[in-house]
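Structure first, then comments.
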Amino acid sequence: MPPCPNSCPMFPPAEHFNTIYLSRHGESQNNLHGKIGGNADLSERGERYAKVLGSFITSLKLPGLKVWMTQYRRTQQTAEFIDAPKHIEPALGEICAGDHDDMTYEEIAEKFPVEFALRDADKLCYRYPNGESYMDVVERIKPLLQSIKEEDNLFIISHQATLRCLLTMILGYPSEDLPYLKVPLHTVIKLSFMEDEVKAEYYRLPVECVDTHRVKPANCEITRQLDDACVTVPFHL
């Protein structure tokens, strides 16, 4: 995914409303090779994002900045160049893919075609075998939600599925849209909690990366062919 035009702009001056910042980890080796979950390290481009992100966050000069990461190496490596107190928050970890962890979509579609079709048919409520559903992730985030909303200059480095859940709850998006919300890599999301609304701003930083967004395929039947099952799988190595 190429950087957007006018990459790395400065945020406008903060008002007196509290603000939090969100980002996925930098591109990981698993992202690069199309694997879900796992505990992979950052790719070379992911490491470059960590450095650019550190410089960018430093340039904002946020008073009282604190960073929440997850238990996965890729989030901690992404936070390496941010000079602020850091906290590991396991509740913000990625959705657990259970028996399908560390596999590509193509591998899952071939080895577990019925499971793959069931997830496509109801991605919100489908639970991975020995893993989690999106609704499970929502439930584990809920106890943190109010404290997150009350924080100021909190920077959360987390994961695609988890940030989809968090953004949906904070911004009030329809639950049926949650599993398909676009949360691209190498992007900082600023949430400003105003008196009667939450303003979301997306800022793409200038480091290339893969696009991991997979749209819902037209055919979700368990009898579909492998090609139909994989038609919307994003490009990867």
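Some points to look at:
- Taking the protein heavy atoms of the chain in the context of the full set of protein chains, the accessible area attributed to carbon and sulfur is 52 percent at 1.4 Å.
- Solvent exposure of the chain, expressed per residue, is 47 Å² of accessible area, with all protein chains present and a 1.4 angstrom probe.
- Here the simple spin-label model places points 7 Å from the Cα toward Cβ, and for Glu176 and Leu144 these points are separated by 2.9 nm.
- Taking Pro113, Pro63, Pro206 in turn, the Gaussian network model of the chain (Cα-Cα springs below 10 Å) assigns the largest fluctuation to Pro63.
- Charging the Cβ of each Asp and Glu at -1 and of each Lys and Arg at +1, and nothing else, the dipole of the chain about its Cα centre rounds to 500 debye.
- For the set Lys35/Lys66; Lys51/Lys182; Lys51/Lys123; Lys35/Lys61, the pairs lying more than 28 angstrom apart at their alpha carbons are Lys35/Lys66; Lys51/Lys123; Lys35/Lys61.
- In this simple spin-label approximation, Gln71 and Lys86 carry label points 7 Å from Cα along the Cα→Cβ vector, and these lie 1.8 nm apart.
- Among Met135, Met194, Met103: highest mean-square fluctuation, GNM of the chain, C-alpha pairs under 10 Å: Met194
- Long-range amide H partners of His25 with built H, under 5 Å: Ser158
The values are calculated or read from the model by the stated rules, or taken from the named source; none is laboratory data. Values in this document were obtained by computation on a predicted structure and should not be read as measured data. Every residue, glycine as well, gets a Cβ built from its backbone with ideal geometry; the counts of neighbours run over all protein chains shown. Just the protein is used for accessible areas: all its heavy atoms, side chains included, with ligands, DNA and RNA removed. Shrake-Rupley method; radii C 1.70, N 1.55, O 1.52, S 1.80 Å.
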